[in-house]
Structure formats: structure tokens, C-alpha cells
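Written out below as C-alpha cells is the structure these notes cover.
The values are calculated or read from the model by the stated rules, or taken from the named source; none is laboratory data. What you are looking at is a predicted structure, and each value in this text was computed from that prediction instead of being measured. Note that each Cβ is placed from the backbone with ideal geometry, even for glycine, and that neighbours are counted across all protein chains shown. The accessibility values were calculated without ligands, DNA or RNA, using every heavy atom of the protein model including side chains. Shrake-Rupley method; radii C 1.70, N 1.55, O 1.52, S 1.80 Å.
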Amino acid sequence: MDTEAKPSERDRSSAPAAGSEEGPRSSRIPDRPTASISWRRTAALGAVCSVLLLLLSGFVVQPFLIPSGSMEPTLRVGDRVLVNKLAYRFGSVPQRGDVVVFDGTGSFVQEAPQQNLVTGLLYGVAASLGLAEPAETDYVKRVVGVGGDRVVCCDKRGRVEVNGRPVDEGYLHPGDAPSGVRFDIVVPEGTLWMMGDHRSNSRDSRDHLGEPGGGMVPVDMVIGRVDWIGWPLGRLGSLPDSAVFAGVRATGGAHG
């Protein structure tokens, strides 16, 4: 009697076929395609976000890095402020007391410095996002006189006068005089007379009196109004309204 055990049907079906590799084949799908798609989506999302940020910065609100102490104590070196580019887009115009960012080409700087096209483009993008210092031709100052105003310095108490009315500028840097330079000017229509809050540390309209344009900044060179401080967090908030010009009356076509 043959006593050799015969394999069952289950054993035969599970046994590897002759000439085949031993062991079950793995049916797991490699992860590489999924990882590739994930990276592509991340890159695409990053590109879309960058474009949206540039559009927001170009037309609505632009971050601006304060590079100097000319506006202390209102603005300090290293502050990131948010410039409202819509402030003067719909018929509004700069008012006395507004803190604005403007392009000083033709007024504070007679010619823009030459630079490499690619380097200038990359630097401009970084500056528009508040990641680098602004262009050499961009300035932040306070509007002290608008078109038609007569601005004089100084009265018997050393104050700036606008249209015959002395202005008590409480925002000035402690210890600063309103101006160490005497002047008596009438602001042409369509231009602005700009001064820094740290008068002893500010190159502003006073420094360009003898140059073409007399230190006046055309209104259409204003980039926007500084409305908020966005960084550092300890200084987060809106700029205080300046009411010191509330009693100044317009003369001729002046506004504000």
C-alpha cells in the first residue's frame, strides 16, 4: 500500500509554478508619481500666490521698508509700513499732514541711477514685497504744503506757518526745531511741499530749494499714503491722524 502523502488541491494551487520565481509578487504601486504631482501642485500654488501678492502690491497695498530715521518718531528704521495705493485713485488728493511715499525723480533726484535690467527687476520685486530697501528714488515724508499754500519758516516762536497760521507740529522728533533753514515759498498748483518729522535728520524739500523744481514734488509722483505699520508686531496699528493743520485755511486753489 502506497503511504506517500498526496498534496491537496489547496497546496497545489498555492505552490509556485515550475521555473517561476519563488515567493509572491508585490502589487504595491511606487510612490514616485504621487510625489511628483504633489511637488507640481505646490509649485503651481506658490506661483499663483506670488502673482496675487505682486498684483496686490502693485495696485492696492504695498509693503514699504523704512530705510532711515528721517521720519522718527512716527516711523522708525526697519518698520514695515503698508502704503495705501487707492487713497488718491478716485479723485482724492494728498492733504496737509498726510505721510506719503513718492518717487522723487525730477524733484529730490534729478536723474534715476542706472542699473542692470535683470538686477533692477529682481530688486524691484523684493522691494515691492517689503523684503528689501526701497529704490533710491523712493521717499517717505509728510505733506506740509499743498498747491497754492504759502509756507514760511519761521515765526517769532520758531514755528512753521502755512497761509499765515502757525502750526504746532507735535509729531516732530523730541529736541528738533521745526527747521534750521529759513524759507518763504508758495507751492505751485499740482505739487507738494514735503518735510520729514526728524527735521535735523531729513533731506526734504528744504534741501532742494535752489534746484530745478524748487523741491516741490508733483502730485502724480505720489505712490500712496502710509496708513498702517505692519511690523514689528509691537508697533502694529494705524498711523495717528494729524489734526495740527485743521485750522489752516486754503488760499486760492489750495485744498486741505
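Computed values, structure above
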| quantity | calculated |
| --- | --- |
| Inter-probe distance in nm under a simple model that places probes 7 Å from Cα toward Cβ, at Asp207 and Val93 | 2.7 nm |
| Trypsin sites (Lys or Arg not before Pro) restricted to DSSP loop in the range 152-191 with at most 15 other C-beta within 10 Å | Lys156, Arg157, Arg182 |
| Stretchable slack from Arg235 to Asp184, in nm (0.36 nm times residue separation minus alpha-carbon distance) | 14.7 nm |
| Accessible heavy-atom area order of Val187, Val222, Val181, highest first, probe of 1.4 Å | Val181, Val222, Val187 |
| Distance in nm between pseudo-label sites at Ala243 and Leu86 (7 Å out along the Cβ direction from Cα) | 2.7 nm |
| If the convex hull is drawn through the Cα atoms of the range 134-234, its volume per residue in Å³ | 127 Å³ |
| Rg over Rh [alpha-carbon atoms, Kirkwood Rh] for the range 164-222 | 0.96 |
| For the range 218-251 versus the range 141-165, the gap between their alpha-carbon centres in whole angstrom | 18 Å |
| Two-site label geometry, Arg165 and Asp227: point separation in nm, points 7 Å out along Cα→Cβ | 2.5 nm |
